[in-house]
Amino acid sequence: MKAWLWHHLDTFFTTLARFARTPVATLFNVGVIGIALALPAGLYVALSNLQGYAQAFASDPQISVFLALDAGRAEVEGIEARLRQHPGVREARYVSRDQALKELRASTGLADVVDSLAQNPLPDAFVVQPREAAPQALEKLRDEVSRWPQVAHVQLDAAWARRLEAGLKLARLAAGLLATLFAFALVAVTFNTIRLQILTRREEIEVAKLIGATDPFIRRPFLYFGALQGVAGGLAAWAIIWGSLLLLNGGLADLSQLYATRIELRHLSAEDSASLLVFSAWLGWFGAWLSVNQHLAQIDPR
Amino acid sequence: MVSLAPSPTPRMISFSQVYKRYPGGLEALRNITLTIEAGEMVFITGHSGAGKSTLLKLAAAIERPSSGSVIVNGQNVGALSARAVPFLRRNLGLIFQDQKLLFDRTAFDNVMLPLHINGFERREAARRVRAALDKVGLLAKEKAYPVTLSGGEQQRLAIARAVVHRPAILLADEPTGNLDAAHAADIVELFKSFNQVGVTVVVATHDESLAARLKPRVIALKAGTLAS
């Protein structure tokens, strides 16, 4: 047991030494793997950030109720009363057409255009906060209110968030596809690296077989090499994402100051980072395993 | 000194009606039946192409017999699974004419290889490597790379590697093929000393004068058959 442990430790350090002996080749291999992993993982980070914002908006849905242009004061008050009494409505805020025009004039810089209008084109409106945020409840409320007299149009403001969600779903699919392709690339890179190693160490393998080395013994250093190269590539990918987010957040800080909001991209969570490393290690190991199985059988001492 | 005492179980090599045909029709061995007892020292002689190397390769499970049975150390080589072959070889010490040393590592590390494969603990392994190097007179050159060694030294290094894990059987194929008479005599003396502590030694050689000195049992091969 102790000898077995010692042997594994020994293989681990011998493999590290082998990396150190060819620093340039190692650097390039790790770089290629790192970039291949950083692309899908980076996309994943971008998506989870976007999703965070989408959820923040979607959790606070609003329904805008626009009245007909010819609705009179009494009718407006009637609708306001109905809305306030409706069990699905938490809060209803009245926005008069004059107030809406004022806000439009102030907020959009279209003062000249607004001033040139002969009459106010905006209707009276209510901004309704529903009690329930579930899509079905929202749609039911929208359909109900839109059938009321003098209601011209009901706008469900959560609709865009749901469209965004659908878009994100598609993007996640694309990320998955990308991850699959790059995972294949990682396996291929490791496969080839190990193939070359086996070729250069052919003599050593032959002698080891003649002396009584078992196949697992011969395989082990190559599998270690593949897995460690995978881990190093995973770390490189993590560093690439980390560096990119640092740069992007620097840029975003300026942008968010201009918009007077606070936008900051979040890094990979601890669990996601761990799964990135485990996944890359496994891929490296798998590539090495495929390569060793393919090429070791061809070395049979005579 | 290396102690090479084998375990008390009787070990031997026995061939029974063994034929070996290579793909392409070459018949290297024909109807070979022989037995080598535990602790024996046997020379297999014959011209090149007589089948000496094939006989040793069959004993080391490097080749399988086309028919007949080869029993080594109680195991049937012909029926041995690929998984079991390494464990058979761990009871053997193999010495090749071309030595098969690894030129990218020191003499010490070359001899370390079998112990590494057998899973020896590092300190015990180092002690044994030095003992084996001392036995063949190369202790002073443990840090030397094989290229810097002479032909005789390289062959002695190969012998140190073959005996360091204390095998029960030593199989040597033309161990003196590239050496002058004086160095060849050194090697033969080494084999004799291993045999004296109980190791079964089988040496294949075309050099009949080698056998003349030690008077061991000689198995002569001629065109793939037993000549004697």
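Brief remarks follow.
- In nm, spacing of pseudo-spin labels at residue A:254 and residue B:180 (7 Å Cα→C-beta vector): 8.2 nm
- Treating r as the C-beta distance of residue B:215 and residue B:145 and R0 as 30 Å, the FRET efficiency rounds to 0.20.
- Cα lying deepest toward the dipole's positive end in chain B, options B:148, B:82, B:25, charges on Cβ: B:82
- When each of B:141, B:20 is scored by the number of other beta-carbon atoms lying within 10 Å, the sequence from fewest to most is B:141, B:20.
- Backbone phi angles across segment B:169-183, fed through the Karplus curve with coefficients 6.51, -1.76 and 1.60 (θ = phi - 60°), yield HN-Hα couplings of 10, 10, 10, 10, 9, 6, x, 10, x, 9, 10, 6, 4, 5, 5 Hz in residue order; Gly and Pro are listed as x.
- Listed by chain and number, the aspartates and glutamates placed with their C-alpha closer than 19 angstrom to that of residue B:143 are A:204, B:104, B:109, B:124, B:134, B:153; residues fewer than eight positions away on the same chain are left out.
- Binning the alpha carbon pair distances of the protein assembly as shown at 20 angstrom intervals from zero yields the distribution 17, 31, 19, 14, 11, 7, 0, expressed in whole percent.
- The reciprocal of the average 1/r between distinct C-alpha atoms defines the Kirkwood hydrodynamic radius, which for chain B equals 17.9 Å.
- On Cα atoms only, tilt of A:135-146 relative to the major axis of chain A in degrees: 20 degrees
- GNM flexibility winner over chain B from B:127, B:156, B:64 (Cα, springs under 10 Å): B:127
- Distance distribution P(r), segment A:62-157, all Cα-Cα pairs, bin width 10 angstrom from 0: 16, 46, 28, 11, 0 percent.
- The fewest-to-most ranking of B:215, A:102 by surrounding Cβ atoms within 10 Å reads B:215, A:102.
- Over segment A:144-302, all Cα pairs binned in 10 Å intervals from 0 give whole-percent P(r) values of 9, 23, 22, 16, 12, 8, 5, 3, 1, 0, listed from short to long.
- If you model segment A:1-123 as an ellipsoid using its alpha carbon gyration tensor, with each semi-axis the square root of five times an eigenvalue, the axes come out at 69, 23, 8 Å, biggest first.
- Dipole in debye (nearest 20) - the protein assembly as shown, about Cα centre, beta carbon charges: Lys, Arg +1; Asp, Glu -1: 2280 debye
- Estimated vicinal HN-Hα couplings, Hz - segment B:123-136 in sequence order (Karplus 6.51, -1.76, 1.60; Gly, Pro = x): 6, 4, 5, 4, 4, 5, 4, 5, 4, 5, 5, 5, 4, 8
- Length added when fully stretched, residue A:13-residue A:137, from 0.36 nm per residue minus Cα-Cα: 38.5 nm
- Shape of chain A, Cα gyration tensor, a/c cut at 1.5: prolate
- Virtual paramagnetic centre 7 Å along Cα→Cβ of residue A:244, amide N under 19 Å, in segment A:166-203: A:168-187
- Helix axis angle, A:202-211 relative to chain A longest principal axis, alpha carbon, degrees: 60 degrees
- Scanning residues 5 or more positions from residue B:42 or on other chains, those with amide H under 5 Å from its amide H are B:201, B:202, B:203, with H placed 1.01 Å from N in the peptide plane.
- Estimated 222 nm signal from helices in the protein assembly as shown, with DSSP H stretches of n ≥ 4 weighted -39500 (n - 2.57), rounded to 500: -19000 deg cm²/dmol
- The modelled label-to-label distance for the pair residue B:193/residue A:300, using points 7 Å beyond Cα in the direction of Cβ, is 3.9 nm.
- Order of A:285, A:6 under a 10 Å beta carbon neighbour criterion, fewest first: A:6, A:285
- Degrees separating the helix B:107-117 axis from the principal Cα axis of chain B, which is the longest one: 60 degrees
- For residue A:92, the residues whose modelled amide H falls within less than 5 Å of its own, excluding neighbours fewer than 5 places apart on the same chain, are A:129.
- Candidates B:33, B:148, B:106, ranked by Gaussian network fluctuation over chain B, Cα under 10 Å, top entry: B:148
- Relative contact order (%) - criterion: Cα under 8 Å, at least six apart; region: segment A:62-157: 50 percent
- Here's how it looks for residue B:66: its modeled amide H is under 5 Å from those of B:19, B:20, B:21, which are all 5 or more places away or on a different chain.
All of the numbers you see were taken from the coordinates with simple rules; none came from a lab. These numbers were taken from a predicted model, which means no experiment stands behind them. With ideal geometry, Cβ positions are generated from the backbone for all residues, glycine too; neighbour counts draw on all protein chains shown.
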